[in-house]
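The block underneath contains the structure these notes are about, expressed in structure tokens.
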Amino acid sequence: MHIYSALISLAWLAISAVADTHILVAGTFSFPSLTEIILTAGQQRKLTRRLLVSTGFLYFLEYTDDNPEIRQIDTVRTSAASSWITLSHDGRHIYGTDWNADEPTFVSYGLSYDNRSASWEGKVVVGSSCSGGVKSIFVLANPYYPYTVYGNYYYGDPKCSTIMSTGESGGKLEGVVEDYIYSEGSGVHGTAFSPSGAFLFSADTYGNRIWTHEVDPMTGKLTHASSTVDGPSPGSDPRHLAVHKKGKYVYAVLEGSSEVAQYELGEGGKLTYTNETYSLLPEGRSPADYWGDEVAVTVSHRYLWASTRSHEVANPGYVSGFSLAEDDGKMEKRLFLKATKTSGGFANSIAPSLHDDRKFALTDNATGLVQVWEATAGFDDVALAAEIQIDDGGGCCANAVWLT
Ligand SMILES: *[C@@H]1O[C@H](CO)[C@@H](O)[C@H](O)[C@H]1NC(C)=O
Ligand SMILES: *[C@@H]1O[C@H](CO)[C@@H](O)[C@H](O)[C@H]1NC(C)=O
Ligand SMILES: *[C@@H]1O[C@H](CO)[C@@H](O)[C@H](O)[C@H]1NC(C)=O
């Protein structure tokens, strides 16, 4: 074989060998007590000192498609427990909440060149500009210039949210651009951008409604609310949102009623309820015993995943798969509904694979699991493919994001 083509085949071999391996990272909620940390740290003074200032972890995991398996490849100790993490527009930074901070705070990390680890970049303490007693709960990066980051709060009186800057090309969190108020009684648990980035949708769980804000393309500010739409029923409580890439439909997971509701996206970002909801529970289960969690479109936007969690630890949560119309993303039908291994705790969060419609990662903090689930080729069923248990004394696992 000619040396040049031999080199090319070698390169191909290398590419196909890594193509089967994907990297994901999961964050943590509350952290084990100080005594537990000291016990696990042993006698090594230096290590103990480092652990004493840590209150959270980022777990870097590797998933292989063939012979499905999840392995832990790095553990980043940090001074923040991130109940929610998200990626920057270019996948080079992780932004997170600081779940245990006294003042609402957001944190940022730089990813290493190979995505296998991250380093602390700093935090933005948003302080008392929003009302007291709130925790940072959710964070989302603008995929477009000016790469602003949108932080939301929960508990206390969380009617306010904060926009943060990340520099000209979108890097580490730098500072506050603007605080903005939704309205009295609001508490937004999740946001999503329209495909062009012109609008930000906010799921106001406390206020049982969804907001549309116009995004200023120069500053990223949310100058005024364009419109609001109510949840489909009293107490349905929209929690998280997913937007179809064709820009015709927005899907909301409803925490209160454990359903997914479909909204049509019209002129000026206005959302209209299409009168279609789909339950995330089997017949006979009461929504009062569950809390709807996550909704997410698959990489091709042909399917939708959604999940709910059980309040009772003895009962499982559920995941459901739906088909979406190829031309416009209209919800067609529920394909299946499966019980998860545990209640899901505060999580049962879903992260669709970046490569394969059939796969998603699921996290749970009832026992500390990160799992990968896989649908059958015909999309008529879904099953657990691999899992890893991360026992850090109750922190793991909040949500996960796929890096590759
Ligand atoms: C991580 O991997 C993704 C996908 O391969 C890539 O786009 C991104 O630039 C990588 N990030 C870093 C920091 O290397
Ligand atoms: C939903 O149902 C209401 C009441 O029946 C009706 O007025 C409205 O037009 C319907 N909306 C859509 C988008 O079909
Ligand atoms: C899951 O996380 C929540 C939020 O920090 C916490 O209240 C709960 O106790 C955790 N669950 C377990 C089983 O540790």
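The values are calculated or read from the model by the stated rules, or taken from the named source; none is laboratory data. Keep in mind that what you see is a predicted model, and the values were worked out from it rather than measured. Virtual Cβ from ideal backbone geometry, glycine too; neighbours counted across all protein chains shown.
Within the stretch 384-403, identify whether any single residue is surrounded by fewer than 23 Cβ atoms within 10 Å (Cβ to Cβ), within 16 Å of ligand 1 (Cβ to nearest atom), in a loop (DSSP other than H, G, I, E, B) and under 17 Å from the mean Cα position of the chain (by Cα), and answer yes or no. Within the stretch 384-403 (the criterion being surrounded by fewer than 23 Cβ atoms within 10 Å (Cβ to Cβ), within 16 Å of ligand 1 (Cβ to nearest atom), in a loop (DSSP other than H, G, I, E, B) and under 17 Å from the mean Cα position of the chain (by Cα)), the answer is yes, since at least one residue qualifies. Considering the stretch 351-374, and only residues there that are farther than 17 Å from Ser83 by Cβ and in contact with an Asp or Glu (Cβ under 7 Å, 6 or more places away or on another chain), the residue that is surrounded by the fewest Cβ atoms within 10 Å (Cβ to Cβ) turns out to be Arg358.
Looking at the stretch 109-121, which of the residues that are surrounded by 13 or more Cβ atoms within 10 Å (Cβ to Cβ) and assigned to a strand (DSSP E or B) is farthest from ligand 1 (Cβ to nearest atom)? Looking at the filtered set, the residue picked out is Trp120. Restricting attention to the stretch 375-404, the residues that are within 18 Å of Tyr63 (Cβ to Cβ), touching an Asp or Glu at 6+ places or on another chain (Cβ under 6 Å) and within 15 Å of ligand 3 (Cβ to nearest atom) add up to 0.
Annotation note: Cβ proximity below 8 Å between a residue of the stretch 128-151 that is at positive phi and a residue that is modelled with pLDDT of 95 or more and of a type in the set (D, E, K, R) (sequence gap 6+ or interchain) occurs for no pair.
With the requirement that a residue be of a type in the set (Ser, Thr, Tyr) and over 23 Å from Glu168 (Cβ atoms), what does the stretch 192-243 give you? Before the answer, list the steps.
Initial filter on the stretch 192-243 (of a type in the set (Ser, Thr, Tyr)): 194, 196, 202, 205-206, 212, 219, 223, 226-228, 233, 236.
Answer for the stretch 192-243, where residues must be of a type in the set (Ser, Thr, Tyr) and over 23 Å from Glu168 (Cβ atoms): Ser194, Ser202, Thr205, Tyr206, Thr212, Ser226, Ser227, Thr228, Ser233, Ser236.
Just a yes or no: is a residue in the stretch 334-344 assigned to a strand (DSSP E or B), small (Gly, Ala, Ser) and away from ligand 2 (no atom under 16 Å from the Cβ)? Looking for residues that are assigned to a strand (DSSP E or B), small (Gly, Ala, Ser) and away from ligand 2 (no atom under 16 Å from the Cβ), one finds at least one in the stretch 334-344, hence yes.
Is it true that Ala242 is of a type outside the set (Val, Ile, Thr), more than 16 Å from ligand 3 (Cβ to nearest atom), assigned to a strand (DSSP E or B) and modelled with pLDDT of 95 or more? Quick ask: steps written out before the conclusion?
Working: of a type outside the set (Val, Ile, Thr): yes; more than 16 Å from ligand 3 (Cβ to nearest atom): yes; assigned to a strand (DSSP E or B): yes; modelled with pLDDT of 95 or more: yes.
So Ala242 fits the description; yes.
Scanning the stretch 85-134 for residues being polar (S, T, N, Q), over 18 Å from Tyr150 (Cβ atoms) and at pLDDT 95 or above gives a total of 2.
Applying the condition of being in contact with a Gly (Cβ under 7 Å, 6 or more places away or on another chain) and hydrophobic (A, V, I, L, M, F, W, C) to the stretch 72-106 and asking which residue is surrounded by the fewest Cβ atoms within 10 Å (Cβ to Cβ) yields Ile85.
For the stretch 245-256, the condition holds for at least one residue, the condition being that it is within 16 Å of ligand 2 (Cβ to nearest atom) and part of a loop (DSSP other than H, G, I, E, B).
One line per residue, one yes/no per condition, for (1) at pLDDT below 95; (2) under 19 Å from Gly190 (Cβ atoms); (3) in contact with a strand residue (DSSP E or B) (Cβ under 9 Å, 6 or more places away or on another chain):
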| position | (1), (2), (3) |
| --- | --- |
| Glu283 | no, no, no |
| Thr298 | no, yes, yes |
| Arg302 | no, no, yes |
| Glu326 | no, no, no |
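In the stretch 220-230, is there at least one residue being of a type outside the set (Val, Ile, Thr), farther than 22 Å from Val297 by Cα and crowded, with 20+ Cβ neighbours inside 10 Å? Taking every residue of the stretch 220-230 in turn, at least one turns out to be of a type outside the set (Val, Ile, Thr), farther than 22 Å from Val297 by Cα and crowded, with 20+ Cβ neighbours inside 10 Å.
Filter the stretch 269-297 down to the residues that are out of contact with any Asp or Glu (no Cβ under 7 Å at 6 or more places or on another chain), in a loop (DSSP other than H, G, I, E, B) and more than 16 Å from ligand 2 (Cβ to nearest atom) and list them by number. Correct list: Leu281, Pro282, Glu283, Gly284, Arg285, Ser286. Give the stretch 303-319 a look and list any residue that's part of a strand (DSSP E or B), surrounded by fewer than 24 Cβ atoms within 10 Å (Cβ to Cβ) and of a type in the set (S, T, N, Q), or say none. Result: no residue meets the conditions.
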